[in-house]
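Q: My questions will all concern the structure given below.
The values are calculated or read from the model by the stated rules, or taken from the named source; none is laboratory data. Given the structure is predicted, the values throughout are model-derived calculations rather than measurements. We place every Cβ from the backbone using ideal geometry, glycine too, and count neighbours over all the protein chains shown. Heads up: the accessible areas ignore ligands, DNA and RNA and are worked out on the full protein's heavy atoms, side chains in. Shrake-Rupley method; radii C 1.70, N 1.55, O 1.52, S 1.80 Å.
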Amino acid sequence: MTMFRRRSAAEMADAARVEDERRRLDDKFARDKATADRATRRQLEREQERADRKRAKAKAKARARRRRRIAALAVSARTVGPLLIVNAATVGGQLAYVYDETDPTWPAAVRVAIAIGVATAAESVALYVGWHAHDALLAKAYGTAAWLRRASYGIALIMATVNYSHFADSLLEPTALAVILGVLSSLSPWLWGLHTRRAQHVQLLREDLVDETGAQFDPARRRAFPIRSWQARRWSIDHNVRDPKAAWAGYKAWAEARRASVRPGRLGAAWFALRGLPAGVADESDPGIQLCRRLEQQVAGVRRVVDHANQLTLTDRPVGVWPAPGIALPATGSVPAGSAEPPARVPATVAAAPRQRRTVDVKVDPPAVRPPTPPPANEAARTAAAYAKYVADHGRPPSDRRLASAAGVGKTYANEWKKEHAKTTATPDARTARRRSGRTR
């Protein structure tokens, strides 16, 4: 009867709580299982993607290797292919020669085998020696490489003679095939040497040991200046200059410096003068050079006096330029007698009616020739000497224009020099004369 006993409310509440807990646990388990399944799927997908990427990378690497291999084969075919064709032709010539020289009663297979072996051996000797020359050159054994290369050339000439003799009617009656096969046999080591030198150049480039060959000038420059272009190239090779403009400028500067440092003799100076070039640096300590300098200064002084006198042409206009001291002119205006310095401008008394130009001949006394004296060292010394001389001769200081003319300097420089040095340079007699002239005024 207890089986059908009605449960109390507390028991029913406990059962409901148990059922809720069970459902909650089931839901949590389902959620955890779904989360685990998603994580597993994501991991599997990542592993699959990683494997796909590895396979794609491996395929890309394999394709790159195949492309590199094909490119290397193409380079080899481009560089070695013509050589192999030449060697195949020469081997064919030797093959025909050996096959014809064997006994005709032998089996054909034996004759062909013997011909192939002998022809291959004959043509391989020069190539084998050339390969050793190639290896020695890349190993920087230059002497051994040169000796082996010459030996390979000699062997190739022997094989070329054999081919020529077989296909030519006689020694002096060549055929086209004989000439072609003979030339190909002799050129085979030389062609392999081209490949060897190319490999050596690539090696030197990789090691940065290629020699600098100097500047390369334009053909127009070489045609216009053949000797100077050759000398400029020699200069660029000596100084490791590869820029053509820098090499040309550097050579010209070097040539000018070298030309300036040379002191030629009389014949050399005459040659330089005829060519219009500077004859070098003059030795100022030479007495002859010093005498020439003094004569140049005296001639320059006389030329200044003559030019000044040539400008004195009396016309119907006022005279604006006055002669140097010592030149006498007829008085054309009111000039006070015995005045020390004529005024800046004196009006000439000329009738205004006839407006025609009249010229008066002026007699100019030749300048007094004085014994030559060594020139002062600089402008200041010349100005001081001219100032002291003028004061001693006239008893008063000269004007700026007269001081500049006597010293051979500019008027501005004479004015500045007087401001700075006149008081200290004037002698006591000059000061007394200046004071007397001031009292007279």
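Q: How would you order 156-166, 48-58 from highest to lowest mean count of nearby Cβ atoms within 10 Å?
A: 156-166, 48-58
Q: Something else about it: Starting from the 7 Å offset along Cα-to-Cβ, what nm value, one decimal, do you get for the label separation of A36 and L83?
A: Once both label points are built, they end up 7.0 nm from each other.
Q: Across the stretch 225-240, in residue order, what do the Karplus-derived ³J(HN,Hα) couplings come to in whole Hz, using 6.51 cos²θ - 1.76 cosθ + 1.60 with θ = phi - 60° and x for Gly and Pro?
A: Per-residue couplings from phi come out as 10, x, 6, 5, 5, 5, 5, 5, 5, 4, 5, 5, 5, 5, 9, 6 Hz.
Q: Could you rank the peptides 380-391, 290-301 by their average count of other C-beta atoms within 10 Å per residue, with the highest value first?
A: 380-391, 290-301
Q: Going highest first, how would you order 192-198, 251-257 by mean Cβ packing within 10 Å?
A: 192-198, 251-257
Q: Tell me, what is the per residue accessible area of the stretch 1-85 in Å², probe radius 1.4 Å?
A: Normalised by residue count, the accessible surface of the stretch 1-85 is 92 Å².
Q: Also, quick follow-up: So how much slack lies between T213 and A16, counting 0.36 nm per residue of separation and subtracting their Cα-Cα distance, in nm?
A: Details: separation 197, 0.36 × 197 = 70.92 nm, distance 10.37 nm.
Length gained, T213 through A16: 60.6 nm.
Q: Sticking with this structure for a sec: With θ set to phi - 60° and the Karplus curve 6.51 cos²θ - 1.76 cosθ + 1.60, what are the ³J(HN,Hα) couplings of the stretch 98-115 in order, to the nearest whole Hz, using x for Gly and Pro?
A: With the stated coefficients, the stretch 98-115 comes to 5, 5, 6, 7, 6, 5, x, 7, 6, x, 4, 4, 5, 4, 5, 5, 5, 5 Hz.
Q: List the lysines whose Cα sits under 28 Å from the Cα of K419, skipping any in the same chain fewer than 8 residues away.
A: Counting by Cα, and skipping residues close in sequence, K419 has these lysines nearby: K389, K411.
Q: Follow-up question, since we're still on this one. For the stretch 185-198, in order, what is each residue's ³J(HN,Hα) by Karplus, 6.51 cos²θ - 1.76 cosθ + 1.60 with θ = phi - 60°, in whole Hz (x at glycine and Pro)?
A: Using θ = phi - 60°, the values come out as 5, 6, 7, 4, x, 5, 5, 5, x, 4, 4, 5, 5, 5 Hz.
Q: Continuing with the same structure: Rounded, prolate or oblate, given the Cα gyration tensor of the stretch 95-189, with a/c below 1.5 counting as rounded? Each step should come with its number before you reach the end.
A: Numbers: a/c = 3.89, a/b = 1.67, b/c = 2.33.
It comes out oblate by the Cα gyration axes.
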